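Written below as structure tokens is the structure these notes are about.
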Amino acid sequence: MGDRLLNEESLDSVKIVLIGDSGVGKTCIAKAFESVEFTEKEPTIGSEVHSKAIYCQNGKKVMVHLWDTSGQEKFHSLAPLYYRNAGVIIFVFDPHIPETFQNIKTWLNELDQLIIESPIIALASTKHDLDSDILVSEDEIRSTARKRNAEIYQTSAKNNDGIQEMFAAVTQEAYDKKKFERLNLYLNNEIRITSKDSHKLVGKKPTQGCC
Ligand SMILES: Nc1nc2c(ncn2[C@@H]2O[C@H](COP(=O)(O)OP(=O)(O)O)[C@@H](O)[C@H]2O)c(=O)[nH]1
Ligand SMILES: [Mg+2]
């Protein structure tokens with residue numbers, strides 16, 4: 001039981017989904033993600049999945065399956081299937097367009113109604129290569145991030161800045177979280193089994209003996 005629960009094999013993949021308004025740069029992030037190393041594209045229901053191996057700090061290989069929408073976000077109609085079993089959800093916004101940041105809150109609320117698991121949340125601010133003004137204040141971004149215990153990543157898909165770093169960090173976080181959860185599950189089972197067995201032993205009468 002313990003071996004199965006702690007088996008590294010079961011920790012070796014993570015689903016990451018990209019959420020955010022149309023035009024903020026999600027597909028460009030997904031493309032930048034897949035341009036390094038081996039990638040594999042497979043069409044799914046209304047979305048695309050980009051897969052790539054990322055290595056954790058302990059050298060463990062984790063297969064990352066990055067889900068990108070195919071435009072359904074325009075109608076705010078992402079299927080529950082899209083979020084299901086996501087280890088990480090990256091909320092993407094363009095800091096040059098404040099509305100896209102305001103809408104992150106709508107996406108977050110929608111998410112709360114759809115899923116019961118507690119995925120890792122990250123905020124990705126895009127297009128940092130542009131000269132135009134950043135119109136969302138850092139304080140506002142930090143305050144939203146703090147409420148969700150989320151990290152903030154500044155990216156430019158155009159220059160491939162901050163993107164590999166973001167995926168490396170969230171994959172590591174997801175791996176550590178899974179490992180921690182498995183360890184807890186394992187320890188709880190051990191304690192339950194041990195206490196059940198000891199109870200049996202206490203109540204058990206000796207079946208044979210000399211007196
Ligand atoms: N300058 C710049 N433009 C970007 C960047 N990322 C995306 N874009 C542009 O933003 C537009 C929308 O990008 P896309 O990835 O399709 O957005 P999506 O609708 O969220 O998937 C496209 O015209 C992209 O060329 C970036 O990092 N820098
Ligand atoms: Mg897109």
Using only the C-alpha atoms of region 128-187, find the volume of their convex hull and express it per residue in Å³.
73 Å³
For the pair Lys158 and Ile134, the simple spin-label estimate (label points 7 Å beyond Cα toward Cβ) gives in nm 1.6 nm
Charge tally for neighbours of Leu111 with beta carbon under 11 Å away, counting Lys, Arg as +1 and Asp, Glu as -1, is -1
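Checking the table Lys61/Lys105; Lys147/Lys179; Lys26/Lys178 against a 30 Å threshold on Cα-Cα, which pairs fail?
Lys61/Lys105
When Lys and Arg each count +1 and Asp and Glu each count -1, what net charge do the other residues less than 14 Å away from Asn159, Cβ to Cβ, add up to?
On the way: positive: Lys31, Lys127, Lys158; negative: Asp129, Asp131, Asp161, Glu165.
Local net charge: -1.
Since every read-out is calculated from the coordinates, none of them should be taken as a lab result. Computed from a prediction, not measured in an experiment: that's the story for all the values here. A quick note on method: Cβ atoms are made from the backbone with ideal geometry, for glycine too, and the neighbour counts reach across all protein chains shown.
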